[in-house]
Amino acid sequence: MMRPPDFWGNPPDSPGWRSYALGPLAAIFTRVTAWRIARKPRVRPHIPVICVGNLNVGGTGKTPTVIALIERLQDCQVHVVTRGYGGNAQGPLQVDERRHTAEDVGDEPLLIAAFAPTWVAKDRAAGVAAAEASGAQIIILDDGFQNPSVAKSLSIVVVDAARGFGNGRVLPAGPLREPVVVGLSRADVLLTIGDPTAQAHFSKVWHGNLAIPRAQAQLRPLDTGMDWNGLRAFAFAGIGHPEKFFWTLRDLGAELIRAEPLDDHQPLTDALMKRLEIEATALSAQLVTTEKDAVRLPKSFRSKVLTVPVRLKMADAGALDIALGRIGL
């Protein structure tokens, strides 16, 4: 198997001239991030706070991980606090699926709110305080690993097993928010997401950096009874790595007539959707998208687009179970 490209498209063992040239800026970014993370928490909740975050910029599978944790902790009153990327709300605001839109609160909060009470807050500490005051027994802090304002009971770092940590360099020289060793030193569990081949590849490339317990999982399409075999699909996706969704459709047996990658969280305007609809009709293809993109669809298009929901399936949850047990869950 070929090793996955890094942030710039180079293999991990060959960062490339751009990564070296941007090294001084990456060093400054690293120092600023370390200074910010070192600040003391403003809020120390009286209930467990489970942080789901990453070291990489972009999609690594945090939202499916949050949903999997909600289902795993379903005997407790779990609330989720998230920043609400792409939404206008400052918060703290509890998401209401009946009246809020992705423009209000962001697409991921709308998706997560179908599983547990979800709070959008630009100020994470205020969001956590609001969730605790409203009766939460456990708080899942979505994408708050580099946010020091809230004391965490357990921190889970999520990474795409196929991509790993790219070239291992910090922005803008690579895809990382902070160095691997530094970030993992604050984490309790590393969750790698990918198929067995990707998991084995991750182990080979990054084993020297794995000083914390590791759990393994894979994203699998939810069985909705839909027969995808032979379906002429016009797929579009505005997620971190759209190509993963396109491969999922192929694996389901769909005939991918057109694959349209969009920017992460890109608004699905009426004009954009009308263009896609016209192109799909001309190709005699069915519009198909991801669960996250579906919540951004204009109401007039929701019945015209098929959705492929995915769920996280644990392959090795031992490290996660032990970590949850240590905080009484």
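Numbers at a glance
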item	result
Residue satisfying all of: in region 28-45; touching a residue at least 12 places away in the same chain (Cβ under 8 Å) and among the aliphatic types (A, V, I, L, M); nearest to Pro175 (Cα to Cα) among these	Ala34
Per-region count, region 199-231, residues under 18 Å from the mean Cα position of the chain (by Cα) and within 30 Å of Val305 (Cβ to Cβ)	6
Matching residues in region 32-47 - criterion: being surrounded by fewer than 19 Cβ atoms within 10 Å (Cβ to Cβ) and within 30 Å of Ala162 (Cβ to Cβ)	Val32, Ala34, Arg36, Ile37
Residues of region 305-329 that turn out to be out of contact with any helix residue (DSSP H, G or I) (no Cβ under 7 Å at 6 or more places or on another chain), free of Cβ contacts under 8 Å to residues at least 40 places away in the same chain and either within 18 Å of Ala114 (Cα to Cα) or among the charged types (D, E, K, R) (or both), as a count	1
Strands (runs of 3 or more DSSP E) (entirely within region 284-329) containing at least 1 residues that are among the polar types (S, T, N, Q) and crowded, with 20+ Cβ neighbours inside 10 Å	286-290
Failed condition for Val180, given (1) of a type outside the set (D, E, K, R); (2) in contact with a helix residue (DSSP H, G or I) (Cβ under 7 Å, 6 or more places away or on another chain); (3) closer than 21 Å to Pro242 by Cβ	(3)
Only listed residue being over 19 Å from Leu219 (Cβ atoms) and either without any contact (Cβ under 8 Å) to a residue 24 or more places away in the chain or crowded, with 24+ Cβ neighbours inside 10 Å (or both), chosen from Thr101, Thr63	Thr101
Residues of region 265-283 satisfying the condition of being closer than 21 Å to Asp104 by Cα and in a helix (DSSP H, G or I)	Asp270, Ala271, Leu272, Met273
Given (1) at pLDDT 95 or above; (2) under 16 Å from Lys292 (Cα atoms), index of the condition Glu103 fails	(1)
Index of the failed condition, Ile50 passing every other in (1) farther than 19 Å from Leu184 by Cβ; (2) buried (at least 18 other Cβ atoms within 10 Å of the Cβ)	(1)
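The values are calculated or read from the model by the stated rules, or taken from the named source; none is laboratory data. Bear in mind that the values here come from a model prediction, so they are computed numbers and not experimental data. When we count neighbours, we look across all protein chains shown, and the Cβ atoms used for this are built from the backbone with ideal geometry, even at glycine.
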